[in-house]
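Scroll down for the structure; my scribbles are underneath it.
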Amino acid sequence: MNHRETKPFGMRDKIGYLFGDFGNDFTFIFASSFLMVFYMKVLGISGAAVGTLFMAARFVDAFTDVGMGRIVDSLKPAKDGKFRCWIRRMCGPVAISSFLMYQSALVGAPMAIKLVYMYVTYILWGSIFYTSINIPYGSMASAMTEEPDERTSLSTYRSIGATLASLVIGVVTPLVIYTKDGNGNQVIRGGNVFTVTAGVFSVLAIICYLICYRMTTERVRIEKENTEKLTFSQTFQAIFTSRSLLGIIGAAIFLLLSQLLISSMNNYLYTEYFQNAAGISAYTVITTVMMLLIVAPFGVPISRKFGKKEAATAGLFLSAGTYFLMYLLRIRNLWLFLALTAVGYLGMAFFNTVIWANITDVIDNQEVVTGSREDGTVYAVYSFARKVGQALAGGAGGWALTLIGYDEKLQVQSAEVIQGIYSVSTLIPAVCFLIVALILWFVYPLNKKKVEENTRILQKRHHL
């Protein structure tokens, strides 16, 4: 490994990395939380059609995600780094493509035009431009430091960035896009409210990306030793026989499915079951406070003491149990429901905070086993898995709404449909949290002892 004269890892890197996910989530969380609402309630597209779009786009991602990972691994580093340069190159395209998805001017267009527009703009944003910035950004953590605790802190700061973006989007957006009709029902405001909101978030995304670019440093340079470059098929054979990667992929899919399903269903749960859109903002504030005051400060100490796998598994059993209880109680009091969601959020948030450090652990484990380091490709496979979870969340939400009889043309749904919204919002996340906990416990092998062993092996190998 070639060490350049550069400043040591520190708070500047952590803050810079935080802003990277802040930028990501100005488009990603906005889309995860409100794109289905825009398609259904503004453009009048059915939930089933939206769910089908989300699933179809993942077939495209199977090629673009892995292709981008291979590009990152294969190209020589630029003057500003192997991964960092992509943030500079792609921050504009990803922000502009996000803005293009929310064009309210198409409200009166024929349905065929709306569907074509929906497919083209969504795939342009999610499968091409978001991929081209997110995969290098996620891979960059392993190039910033070799130390496990420092990588866990990067993962924590990345999650704080996502949480801050969620706070801005989750609090501001409902207040901007929703209003009440003459009967007190929550409805979407007319005009270009979605388009303007998307434009503001796209500008903020670019600013955050540029801060990330300026404040982060790649200082770990892994030189290819006297080993042949793995072929595409050899890489995939190594990846898909890796128990650690398969375990974290399975856990990530169901974690993201539950997390994003909760986020997207909140738009229906609070506005139609609780009849209070402010509940969306309250949920966001509560979970943000818990993230910043409880989860983030104790993430690294808990991981150091018990191990990331061990602590995350316990937390997810807590989340699963809490959501099962909420499903059984059929709660009508908004504040009691929010209090219980806060408890359920704790376990999910801890795993979500350290999961990026889990990915660097998986990359290290791949290098120990195969002798070859493929940061971009491994991260690309993981990124694709996350997008599958995102698609399943959007698809499951859209299909579930259609299945329970939700009619996007009605201002007020039937009592049966409203009860169905509550069931979907609590039972499916409960089941998913339980599955994640079981995968971590029985499949994912990188416990505290194994991670420490791999770190010792690689430090010895790199410093020879």
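The values are calculated or read from the model by the stated rules, or taken from the named source; none is laboratory data. Keep in mind the model is a prediction, meaning the values are calculated, not measured. Positions of Cβ are backbone-derived with ideal geometry, glycine not excepted, and every protein chain shown enters the neighbour counts. We work out accessible area using only protein heavy atoms, side chains counted, and drop any ligands, DNA or RNA first. Shrake-Rupley method; radii C 1.70, N 1.55, O 1.52, S 1.80 Å.
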Value at 222 nm in deg cm²/dmol, rounded to 500, when DSSP H runs of n ≥ 4 in the chain each add -39,500 (n - 2.57)
-25500 deg cm²/dmol
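Can you tell me the relative contact order of segment 364-464? Whole percent, Cα pairs under 8 Å, sequence separation 6 or more.
Relative contact order, segment 364-464: 37 percent.
Show ILE160, ILE211 ordered by accessible area, largest first, where the area counts protein heavy atoms only and the probe is 1.4 Å.
Putting ILE160, ILE211 in descending order of accessible area: ILE211, ILE160.
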I need the trypsin sites (Lys or Arg not before Pro) found in segment 55-108, filtered to DSSP loop residues with at most 11 other beta carbons within 10 Å of theirs.
LYS79
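How much of the accessible area of the chain, probe 1.4 Å, is carbon plus sulfur, in whole percent? All intermediate terms of the calculation are to be shown ahead of the outcome.
Values: 11930 of 17940 Å².
Answer for the chain is 67 percent, counting heavy atoms of protein chains only.
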Distance between Cα centroids, segment 93-155 to segment 291-335: provide it in whole Å.
28
I'd like the chymotrypsin sites (Phe, Trp or Tyr not before Pro) in segment 265-325 restricted to DSSP loop residues with at most 16 other Cβ atoms within 10 Å, sorted by number.
none
In Å and on Cα atoms, what radius of gyration and Dmax does segment 320-464 show?
20.6, 69
Please identify the trypsin sites (Lys or Arg not before Pro) of segment 384-464 that satisfy two criteria: DSSP loop assignment and at most 10 other Cβ atoms within 10 Å. Which are they?
LYS409
In angstroms, what radius of gyration and Dmax does segment 55-115 have, counting Cα atoms only?
16.6, 49
Counting only heavy atoms of the protein chains, get the accessible area per residue of the chain (1.4 Å probe) and round it to a whole Å² value.
39
Gap in Å between the Cα centre of segment 389-464 and the Cα centre of segment 6-41?
19
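Please state the equivalent ellipsoid semi-axes for segment 128-227: what are the square roots of 5 times the Cα gyration tensor eigenvalues, largest first, in whole Å?
Details: eigenvalues 318, 45, 24 Å².
Those come to 40, 15, 11 Å.
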Selection from TRP356, GLY81, GLY138, by position along the positive dipole direction of the chain (Cβ)
GLY81
Would you work out the Kirkwood radius for the chain? I mean one over the mean of 1/r across all pairs of different Cα atoms, in Å.
22.4
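With +1 on the Cβ of every Lys and Arg and -1 on the Cβ of every Asp and Glu, and nothing else charged, how large is the dipole of the chain about its Cα centre, in debye rounded to the nearest 20? Write out the running numbers ahead of the final one.
Details: 40 positive and 29 negative charges, 124 e Å.
Dipole about the Cα centre, nearest 20: 600 debye.
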When the Kirkwood radius is taken over all Cα pairs of segment 334-403, what Stokes-Einstein diffusion coefficient follows at 25 °C and 0.890 mPa s, in µm²/s?
164
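Per residue, how big is the convex hull around the C-alpha atoms of segment 1-100? Give it to me in cubic angstrom, could you? Before the final figure, lay out the partial values.
Details: hull volume 12.7 nm³, N = 100.
Enclosed volume per residue, from the Cα hull, is 127 Å³.
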Take the alpha carbon atoms of segment 238-344, find their radius of gyration, then divide it by 2.2 N^0.38 Å using N residues; give the quotient.
1.25
